[in-house]
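Every number in this text was worked out from the coordinates using simple rules, so none of it is lab data. Note that the structure is predicted; figures quoted are calculated from it, not measured. We place every Cβ from the backbone using ideal geometry, glycine too, and count neighbours over all the protein chains shown.
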């Protein structure tokens, strides 16, 4: 497991910041930044908060104390979306329960879980709202469209949900191989 100082350095470099820029923007002395990155000190309290705000990250992302890597669980977590096949909104309920119980115990689950849940909420809403809206518009055009519209509605919902489940399976495969690839952050409702 990487030290906090090494993680800070890694994030700083990814963001293209020098130690001087981080020190200036976070209002922490340059020497303190150097000591942290060289693992001569552990950041605490206000220093850690200022650095995290400047780097635009959560303190929890740096503090992985007691968390372990578990690629098998992350794979299962992605596959839990498939519960939506058997239970209405199961693609949200089961991942939510798993996320709430394990997010403080498994590395990366906080971020992956929040993104998965945000994606599933938006996807579920859109995969039902859009076809129903199309059906409602077709109903306004006349009743002769009704049987075709209902068939179209069913196929649209099945098609959109199939895409969702395929995405979950692909992400589960990547996570089982140790790559923490996650859903895109569409609308961050859960953090």
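How much FRET efficiency would the formula 1/(1 + (r/R0)^6) give for residue 19 and residue 169, where r is the Cβ-Cβ distance and R0 is 41 Å, rounded to 0.05? Efficiency for this residue pair is about 0.45. Within the chain, the ratio Rg/Rh, alpha carbon atoms throughout and Rh by Kirkwood, equals 1.15.
Projected label points at residue 186 and residue 122, each 7 Å from Cα along the beta carbon direction, are separated by 0.6 nanometres.
Let me have the relative contact order for the chain, percent, based on Cα pairs under 8 Å that are six or more residues apart. Once divided by the residue count of the chain, the mean separation gives 21 percent.
Can you figure out the FRET efficiency of residue 61 with residue 154, using R₀ = 30 Å and their beta-carbon distance, to the nearest 0.05? FRET efficiency, residue 61 to residue 154: 0.10. Taking only the alpha carbons of the range 71-176, we obtain Rg and Dmax values of 16.6, 56 Å in that order.
A straight chain from residue 86 to residue 101 at 0.36 nm per residue would run longer than the Cα-Cα distance by 3.2 nm. Sequence-distant contacts, meaning Cα pairs under 8 Å at least 6 residues apart, place the relative contact order of the range 55-132 at 27 percent.
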